[in-house]
1. How far, in nm, would the chain grow between Ala177 and Phe223 when pulled straight, counting 0.36 nm per residue and subtracting the alpha carbon separation?
2. Per 0.36 nm of contour for each residue apart, how much would the distance between Leu36 and Thr60 grow if the chain were fully extended, relative to their Cα-Cα spacing?
3. What is the magnitude of the charge dipole of segment 91-223 about its Cα centre, with +1 placed on the Cβ of each Lys and Arg, -1 on the Cβ of each Asp and Glu, and no other charges, expressed in debye to the nearest 20?
4. Can you give the FRET efficiency to the nearest 0.05 for Ala111 and Lys207, using r as the Cβ-Cβ distance and R₀ = 30 Å?
5. For the pair Ala90/Leu215, report the inter-label distance in nm, with labels modelled 7 Å from Cα in the Cβ direction.
6. Roughly what would the spin-label model give for Leu164 and Arg132, points 7 Å off Cα along C-beta, in nm?
7. Taking 0.36 nm per intervening residue step and subtracting the Cα-Cα distance, what contour gain separates Thr153 from Tyr45 on full extension?
8. Probe of 1.4 angstrom, ligands and nucleic acids ignored: what's the accessible area per residue over segment 47-194, in square angstrom?
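The values are calculated or read from the model by the stated rules, or taken from the named source; none is laboratory data. Because the structure is a prediction, the values reported are computed rather than measured. Here the Cβ positions follow ideal geometry from the backbone for every residue, glycine too, while neighbour counts run over all protein chains shown. For accessibility, only protein heavy atoms count, side chains too; no ligands or nucleic acids. Shrake-Rupley method; radii C 1.70, N 1.55, O 1.52, S 1.80 Å.
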Amino acid sequence: MLHNKTAVFLAAALAAGGAQAQIGVSADLGTTGAGLHLVLPMESYLNGRFGINYFKHDTTLRSGGVDYKVDAKLQTYDLLFDWYVRPGSAFRLTGGVVYNGSKLDAHATPAGDGLYTINGRRYSAATVGNLRGRVDFRKAAPYLGIGWGNALTPNKGWNLGADLGVIYHGNPHLKLASTGCQAAAAACIVLARDVAAEQARLEEDLKDYKFFPVLRASVSYQF
């Protein structure tokens, strides 16, 4: 559904830009991954940017005595407005909103001795079963930043640009759960309580990550 809406929105933007005979397309690379943006003139000193960014990365991390394999996917859709402070200036102030579809999927793995340490308690792999977590973020997140470069510079086809800013996505949302416990019911209940305590600890740690830094470089072409 989201991809369909994005396609319709960009098609409408292309049609509007075509009517004004001035369109810029930029390819971006940075902390939000690889991106593609459409740039359209809005007013004399104001451009609109509409696009998508994507990056996928697999990694491992250790937290609270538990090792995790993490599948990280960064996927954002930008609706940004660039205001150029004076005529002919490449410096811009940027504000807008980002649809944040980013998420992290984590799968816990036992230590070398085949055991997990969860909330300070040791468990066998059979008792824990599958311990998995997911982190996602507020979908609509404001963006504020500065930048350099104008994809719609008069009488110039190719342009370079850069962005420096932050996305505010608030507290990340975490869900951690264990399934397939193969122990006595009482042991599984204790495990569930320890997993809940581990989730609460991780949620507290994640409160330090309300902002996502954005640093991007871009090359653009004006049609």
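1. 11.4 nm
2. The span from Leu36 to Thr60 would gain 5.8 nm if fully extended.
3. For segment 91-223, the charge dipole is close to 320 debye.
4. 0.65
5. Taking the two extended label points, one gets 1.9 nm.
6. Taking the simple label geometry, Leu164 and Arg132 are separated by 4.1 nm.
7. 37.8 nm
8. 51
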